[in-house]
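The values are calculated or read from the model by the stated rules, or taken from the named source; none is laboratory data. No experiment lies behind these values; they were computed from the predicted model shown. When we count neighbours, we look across all protein chains shown, and the Cβ atoms used for this are built from the backbone with ideal geometry, even at glycine. Just the protein is used for accessible areas: all its heavy atoms, side chains included, with ligands, DNA and RNA removed. Shrake-Rupley method; radii C 1.70, N 1.55, O 1.52, S 1.80 Å.
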Amino acid sequence: MLHKNNWIMKTLILVRHGKSSWEYRVSDQDRPLQERGITDAHLVSNEFKRLSENIDSVYSSPANRALHTCMIFLRNFNYPLQNLKVSNELYDFSGEAVMSFVKQLDDDLNKVLVFGHNYALTNIVNQFGNKPIDNVPTSALVQIRFDVTSWDTIKTGITEHILIPKQLR
């Protein structure tokens, strides 16, 4: 997307994993989605597909609930699953590792989709977006645009979309 000053903007799309199940005795990374998490991920991804253009790259936390949410989005976008990249840095709950990851992205990428966890995503949205949010709910999506040419220079951006499942039902 070209800006009127002919420079490319960076767009960060953050998605919190869908509602997960606590009924299984598994590690935190292995917790699966509940049925509502699956339904909500379809709801948000289909709405976002209607609003958005192509994504340059997709990254996910290795946690089962984040990967499953990501797969739902990618299938609904017809995005090639083999292009998904999984990063342990995204299995983060504070936001520091996620922001470090984002700031190291290749500057050839302009629109990036990241699947992760709270409170990392809420912290990032409030630190870098211009619309505060108390909590990024499960399956919610927040898109922030930055008027910069390099990921390592992002500061406050413009929150363009906040898609919350409860508001789409």
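In plain terms, the chain from Asp106 to Ser27 could stretch by 25.2 nm, reckoned as 0.36 nm per residue minus the Cα-Cα distance.
Structural descriptor for the chain: relative contact order 32 percent, calculated from alpha carbon pairs under 8 angstrom and at least 6 residues apart. Ranked by the mean number of other Cβ atoms within 10 Å per residue, highest first, peptides 51-63, 20-32, 137-149 order as 137-149, 51-63, 20-32. Accessible area per residue for the range 81-124 is 46 Å², calculated with a 1.4 Å probe on protein heavy atoms, without ligands, DNA or RNA.
Calculated on the Cα set of the range 78-126, radius of gyration then Dmax: 11.4, 32 Å. From the largest down, the range 20-94 spans 39, 26, 24 angstrom on the principal axes of its Cα atoms.
To the nearest ten degrees, helix 35-51 and the longest principal axis of the Cα atoms of the chain are 20 degrees apart. P(r) for the chain, from all Cα pairs and a bin width of 10 Å, is 11, 42, 37, 9, 1, 0 %, short bins first. If you count Lys pairs in the range 1-104 whose Cα atoms are under 27 Å apart, skipping same-chain pairs closer than 8 places in sequence, the total is 10.
How large, in percent, is the carbon and sulfur part of the accessible surface of the range 20-136 at a probe radius of 1.4 Å? Each step should come with its number before you reach the end.
Values: 2770 of 6030 Å².
That fraction is 46 percent.
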